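Down below is the structure, laid out as structure tokens.
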Amino acid sequence: MVSLWSFYDSSNLKTQRKNEPVRVVTLGCSKNLVDSENIVTQLKANQINAEHEQDDAGADVVIVNTCGFIEAAKQESIDTILRFVDKKQQGELDKLYVTGCLSHRYRSDLEKEIPEVDAYFGTMELPALLERFEVDYRHDLIGERSIWTPPHYAYLKISEGCNRTCSFCAIPLMRGQHRSKPMESVVQEARNLVKKGVKEVILIAQELTYYGLDLYKKRSLAELLERLADVEGLEWIRLHYAYPSKFPREVFNSIARHSNICNYIDMPLQHADNEVLKRMRRQITREETVDLINYARDAVPDLAFRTTLLVGFPGETEAEFENLCRFVEDMKFDRMGVFEYSHEENTHAYQLADDVAPEVKEQRSGTLMELQKPISLQHNEQKLGSTLKVLIDRKEGGYYYGRTEQDSPEVDNEVIIGAEDYLRVGDFAHIHIDDVTEYDLHGSLKISGK
Ligand code: SF4
């Protein structure tokens, strides 16, 4: 009996599969974006027509790289998956794969509740995902990556996972224990990015300052910075996701020593009341935090200090919150973001009562941002009349938008310049600051000699 299958030889199937357009959709943080960039780099290197797009028009195969950090992010991931399930049921999609943090954390539930997805993968299962395309993971591509940020800047992930035990955080459940990337491969990846036209790399990790403790048995972030500062053509190196406890202070000396390491640090502090810090298991006190910030500002006078705070943690009293408000007023951060506590299963804090009402969380988050507005304006007013080196990120609606070394993409201030000035996206320009608001600077091209 001639089997039907003889009409389909596998190589023909492979070719057909390789031509199917694949779209990767990324949710969540910059670390997830780097993972998606690696997925597409691997698929493309195996001649699979893969791209990264929010819009999945014309895709036969979609890979959703999910976020599972907090409630709102989880909901967005589920809504996105269901949107593609719809498309699949309408016959607009051939295959739907889901990977990333939500998939890692809730795989068995998702498999039961949304069985229309062809397969779910964890955060460390890229080879298994590639198997679905009948291709192998290419080790020779490590350090090679097609990026989706504007071509002049890129995120550079220096490690994966986290060994910290912050009681509110589910990330170690999804990303595992801390694994540093070998210094040589990080430096090589930076060189490869510069070859592609990247001028700014943003160092990211779950916990940046733990770098090297596993591989080299010592905190090696400062040494890595020294190596990266020597990469020719790398004009800006920026640090994100630093952890305050046991912070390797020599990092600030490296920042001060090298003009191509931005006078910038992102260090989520979460809170500043000692009782709350203890319940959050942050391994640091308010006094130690203040001492670290003062040290940083002495070592790097022009340092832009970005932080993130968390309000509404279980049991957070009005007095504890007031303590946090005083801290914000005293420390005068250059850049600040606020999160509302999300009660996450299997975290240490999940056994505590989520007793701060949602409207109180919202009100406290609003109060902190209101306190930050005049502080941010004051910082910006100090730049009035000065000329700053600005990296031009985009042109939009008759204006150029750029950033100083004190501003990270997507989260911090922008410099807005009239399109009458001749500028090029991806270039640095010297911009005279003519006006400021709380969160933006307005300027014009500084013509040398004028
Ligand atoms: S350091 Fe960051 S990623 Fe690690 S447990 Fe704490 S909050 Fe989570």
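From the list Asp94, Asp60, Asp55, Asp35, which one is of a type outside the set (A, V, I, L, M, F, W, C), crowded, with 16+ Cβ neighbours inside 10 Å and modelled with pLDDT under 95?
Matching residue, one of Asp94, Asp60, Asp55, Asp35: Asp60.
Find the residue count for the range 293-313, including only residues that are assigned to a helix (DSSP H, G or I) and within 28 Å of Ser342 (Cα to Cα).
Residues meeting the conditions: 1.
So, Tyr137, is that one open to solvent by less than 20 Å² (accessible area, probe 1.4 Å), among the aromatic types (Phe, Trp, Tyr) and away from the ligand (no atom under 13 Å from the Cβ) or not?
Against the criterion (open to solvent by less than 20 Å² (accessible area, probe 1.4 Å), among the aromatic types (Phe, Trp, Tyr) and away from the ligand (no atom under 13 Å from the Cβ)), Tyr137 does not qualify.
Sort through Leu173, Leu208 and tell me the only one that's open to solvent by 10 Å² or more (accessible area, probe 1.4 Å) and either modelled with pLDDT under 95 or in contact with a helix residue (DSSP H, G or I) (Cβ under 8 Å, 6 or more places away or on another chain) (or both).
None of the others qualify; the one that does is Leu173.
Assigned to a loop (DSSP other than H, G, I, E, B), within 16 Å of the ligand (Cβ to nearest atom), open to solvent by less than 30 Å² (accessible area, probe 1.4 Å) and touching an Asp or Glu at 6+ places or on another chain (Cβ under 8 Å), is that true of Arg164?
yes
Could you list all residues from the range 356-409 that are within 15 Å of Glu438 (Cα to Cα), in a helix (DSSP H, G or I) and open to solvent by 60 Å² or more (accessible area, probe 1.4 Å)?
Glu370, Lys373, Pro374, Gln378, Glu381 - these are the residues of the range 356-409 that are within 15 Å of Glu438 (Cα to Cα), in a helix (DSSP H, G or I) and open to solvent by 60 Å² or more (accessible area, probe 1.4 Å).
Inside the range 244-265, can you point out the residues that are assigned to a loop (DSSP other than H, G, I, E, B), more than 16 Å from the ligand (Cβ to nearest atom) and among the charged types (D, E, K, R)?
Arg249
When the residues of the range 266-282 are narrowed to those that are open to solvent by 50 Å² or more (accessible area, probe 1.4 Å) and touching a Ser or Thr at 6+ places or on another chain (Cβ under 7 Å), which ends up nearest to the ligand (Cβ to nearest atom)?
Arg281
Can we say Glu184 is more than 14 Å from the ligand (Cβ to nearest atom) and surrounded by fewer than 21 Cβ atoms within 10 Å (Cβ to Cβ)?
Yes.
Looking at the structure I just gave you, is Glu316 assigned to a helix (DSSP H, G or I) and farther than 16 Å from Cys169 by Cα?
no
Check the range 229-243 and report whether any residue there is surrounded by 23 or more Cβ atoms within 10 Å (Cβ to Cβ), away from the ligand (no atom under 14 Å from the Cβ) and not in a strand (DSSP E or B).
no
Whether any residue in the range 102-119 is more than 21 Å from the chain's Cα centre (by Cα), more than 16 Å from the ligand (Cβ to nearest atom), buried (at least 19 other Cβ atoms within 10 Å of the Cβ) and under 30 Å from Gln270 (Cβ atoms) is what I want to check.
yes
The values are calculated or read from the model by the stated rules, or taken from the named source; none is laboratory data. Predicted model only: the values in this text are computed from it and were never measured. FYI the Cβ positions are ideal-geometry reconstructions off the backbone, even for glycines, and counts take in every protein chain you see. Calculation scope for accessible area: heavy atoms of the full protein, side chains included, ligands and nucleic acids excluded. Shrake-Rupley method; radii C 1.70, N 1.55, O 1.52, S 1.80 Å.
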